[in-house]
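Asks: Below is a structure I'd like to ask you about.
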Amino acid sequence: MATTVPDTAEVELAIGGMTCASCAARIEKKLNRMDGVTATVNYATEKAKVTFDADVTVDDLIATVEATGYTAREPRPESARGAAGPGQDDESGQDDELRPLRQRLVTAVLLSVPVVAMAMVPALQFEYWQWLSLTLAAPVVTYAAWPFHRAAFTNARHGAATMDTLISVGTSAAFLWSLWALFFGTAGTPGMTHPFELTIARTDGAGNIYLEAAAGVTAAVLAGRYFEARAKRKAGAALRALLELGAKDVTVLRGGREEQIPVGELRVGDRFLVRPGEKIATDGTVVEGTSAVDASMLTGESVPVEVGAGDAVTGATVNAGGRLVVEATRVGADTQLARMAKLVEDAQNGKAAAQRLADRISAVFVPVVIALALGTLGFWLGNGAGLTAAFTAAVAVLIIACPCALGLATPTALMAGTGRGAQLGILIKGPEVLESTRKVDTVVLDKTGTVTTGKMTLLAVHTADGTGEDEVLRLAGALEHASEHPIARAVAAGAAERVGDLPTPEDFANVPGLGVQGVVDGHAVLVGRTKLLAEWAMELPSGLARAKADAEAAGRTAIAVAWDGEARAVLEVADAVKPTSAEAVTRLRALGLTPILLTGDNQAVADAVAAEVGIDQVIAEVMPEDKVDVVKRLQSEGRSVAMVGDGVNDAAALARADLGLAMGTGTDAAIEAGDLTLVRGDLRAAADAIRLARRTLGTIRSNLFWAFAYNVAALPLAAAGLLNPMIAGAAMAFSSVFVVGNSLRLRTFKAAV
């Protein structure tokens, strides 16, 4: 029976005008009220990720956002973004956004410093100091604080209150009170002074001004906003750096001519030239030439990879050797680089459960705080504290309550963590993944391509008495070089690596099912099963027979070599264990995980690999479709399971596991099914990925703790009249800077590799 798939689409909108997490929560709520719309709005990235039904248009979404009091626009077309891929931001555009904020901040700081100094230091209060304070503070409260007033007015028109409302109301109240005291009270009297106190004196407010609070709070909040904006750019720098890796132009071969075109015009099937030192323009297959490719910028691998005809190469890696002709297999958004960027961007746009909680709190926090400020005002007035004390306490409540730190706690940590992961070749698919890493206690490792290299390799050479190893490799390698069998290729590659150039056979014949035979340098050579040697009346000497038996007991393939009527050697070929797998297993154990080896190979092979890398539990001879059942069984035993794999047959198990880690060197199916993608083929990256994810989650939690603790502790102090408004504003701004700084520490995370 056919299944009807809903006709849905997805768009990412750039949102303008947001000044706090409450704004994001409000836009998100409005969008989600639309029929057929599911939206996530992120204040840190200033983007909305929206999934909508066919009867809703992007224009409808934009209109809803604008009706809420903000701006929205569709992403720029791919061609306008340049060749680097999706999600790239324009640096100059970001500078344009920061410039007005920077100008307002400079104005506020330069003018508010003398205002604050005169209010704090009685010795600076000359005869008409209060009027100079008014002259300096007025531009700060009007021009510099204008974004807060504008946002508060916009929100009020829509019946909402945000953190900008708190800032606008608090600073305006302090400024207007000061105006009243100067023009209608006694504060304008020549020679008026008042001391700087941390506590509130319950006196008649007619002789007190709070210009230092109005100007100082504005400067402090603007400083916090500016550094938050800078921090968002830094946290997203890894993604921009990733996208910058791509080549901008490419030389294609068309009609026997070389033609240079922008990378964006490259098509699948095009053949393009990569000269030494140039970046490979896109993912493809080498059709001509040999070279070493430096993939360190993309994968973190420090050793260049040798490639030749038939080898796959990845866009943005650098050709460090000879001339290559590559046939494009993927272009645009399908390339590995573009997919990596999309994964990082999706992760940064997502929200963890902790952040969803913070957003809900922010949405109701503002009206509660305003009510608390009014209650504080009424309480102090009712207790006879005087208008000054009551008013000052109420203003302090408004200012200190701004939950900017609460709104930034998760986005900044998530952006910094995923950005750092991208630099290390670790891609975190979504924020919910972070919470999964904390619970995991068991890690299931696929054998082939994960713990092992996934290709046959010559591992050992056993020779008879009087026979040299180099001679064996030269003759056997020359004969096997003429064969296309995977085992033959492994022998030939191993021989060429150890002894250099191989001679060309003078005669060659393939014996199906048994091996190969031929003439090399005048010697009649046989390479294959012992049965092939038996047909020529040759037997292995006892020493070689034992070596063959031991190799087969360890799950390796044993190949006999003979020439000139005598058995001379036994070669061991197997899927080699990666050199770093044993160390990776040790690191996974150190994280509190129990490793289990899972494979479809026979028990002897699995046991040998497990013993080599230090794994105690082995599940072997498992059919591909049964791997997911193994994960289910482990989960039914109460375990939280992480699965590491690289093949199509691992995809279901990766999706079923509590945490799926896909090797980036594997298949697309595995990568799509995994929660974390390890760009490097090194299993040690799995331990690094879990460490980074746990560190990111820990940072989010510590951010949320301090943001909550700050507000819980500070609000009662302000309501009790123990903080004046200026100090409250500075403390509030510091809390945001603290959260951002704590998040940016993730950028110093180092892989243990």
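The values are calculated or read from the model by the stated rules, or taken from the named source; none is laboratory data. The shown structure was predicted, so the numbers you read here are calculated from the model rather than taken from an experiment. Neighbour counts are summed over all protein chains in view; Cβ atoms, including those assigned to glycine, are modelled from backbone coordinates with ideal geometry. Just so you know, the surface numbers come from the protein's heavy atoms only, side chains and all, with ligands and any DNA or RNA stripped out. Shrake-Rupley method; radii C 1.70, N 1.55, O 1.52, S 1.80 Å.
Asks: Using mean Cβ contacts within 10 Å as the protection proxy, how do 374-387, 556-569, 603-616 order, highest first? Numbers along the way, then the final one.
Replies: On the way: 374-387: 15.5, 556-569: 21.4, 603-616: 18.4.
Answer by packing, highest mean first, reads 556-569, 603-616, 374-387.
Asks: Amide H to amide H under 5 Å from G660: which residues, 5+ apart in sequence or cross-chain, H placed 1.01 Å off N in plane?
Replies: Sorted by chain and number, the residues that satisfy this are M643, D675, L676.
Asks: Take peptides 688-694, 535-541, 213-219 and line them up by average Cβ neighbours within 10 Å, highest first, as a rough protection proxy.
Replies: In decreasing order of mean packing, 688-694, 535-541, 213-219 become 213-219, 688-694, 535-541.
Asks: Of H481, H149, which has the most accessible area with a 1.4 Å probe, and how do the rest follow in descending order?
Replies: Per-residue accessible area, sorted high to low, gives H481, H149.
Asks: Sorted by accessible area with a 1.4 angstrom probe, largest first, how do V368, V41, V519 fall?
Replies: V368, V519, V41
Asks: Another question, if that's okay. Determine how many Å³ per residue the convex hull of the Cα atoms of region 510-597 encloses.
Replies: 127
Asks: Please list, in chain and number order, the residues 5+ apart from E278 or on another chain whose amide H is under 5 Å from its amide H, with Hs placed from the backbone.
Replies: Residues meeting the criterion, in which the H sits 1.01 Å from N, are N319.
Asks: Under 5 Å between amide hydrogens, which residues at least 5 positions from E539 or on another chain qualify, with H placed 1.01 Å from N in the peptide plane?
Replies: It is A567, by chain and number.
Asks: Also, quick follow-up: Give K455/K578; K447/K627; K548/K578; K49/K439; K439/K750 a once-over and call out the pairs whose C-alpha atoms are over 20 Å from each other. If you can, show how the numbers build up before the last one.
Replies: On the way: K455/K578 11 Å; K447/K627 12 Å; K548/K578 23 Å; K49/K439 28 Å; K439/K750 23 Å.
The pairs that break the limit, which is 20 Å between Cα atoms, are K548/K578; K49/K439; K439/K750.
Asks: In whole percent, and with a 1.4 Å probe on the protein chains, what portion of the accessible area of region 540-610 is carbon and sulfur?
Replies: Working: 1280 of 2610 Å².
Within region 540-610, the accessible surface is 49 percent carbon and sulfur.
Asks: log₁₀ I(q)/I(0) of region 574-659 at q = 0.17, 0.19, 0.27 Å⁻¹, via Debye over equal Cα point scatterers, no solvent, to two decimals?
Replies: Here the Debye-derived log intensity ratios amount to -0.73, -0.92, -1.52.
Asks: As a test of reading the structure, rank D53, D164, D575, D465 by solvent-accessible area (1.4 Å probe, protein chains only), most first.
Replies: Values: D53 55, D164 0, D575 30, D465 155 Å².
Order by accessible area, largest first: D465, D53, D575, D164.
Asks: Mind listing the phi-derived Karplus ³J(HN,Hα) values for region 558-575, rounded to whole Hz, using 6.51, -1.76 and 1.60 with θ = phi - 60°, and x for any glycine or proline?
Replies: For region 558-575, the Karplus-derived couplings read 9, 10, 8, 10, 9, 7, 6, x, 9, 5, 10, 6, 10, 9, 9, 10, 7, 6 Hz, x marking Gly and Pro.
Asks: Could you state how much accessible area Y143 has, in square angstrom rounded to the nearest 10, with a 1.4 Å probe and all protein chains kept in place?
Replies: Y143 exposes around 100 Å² with every protein chain in place.
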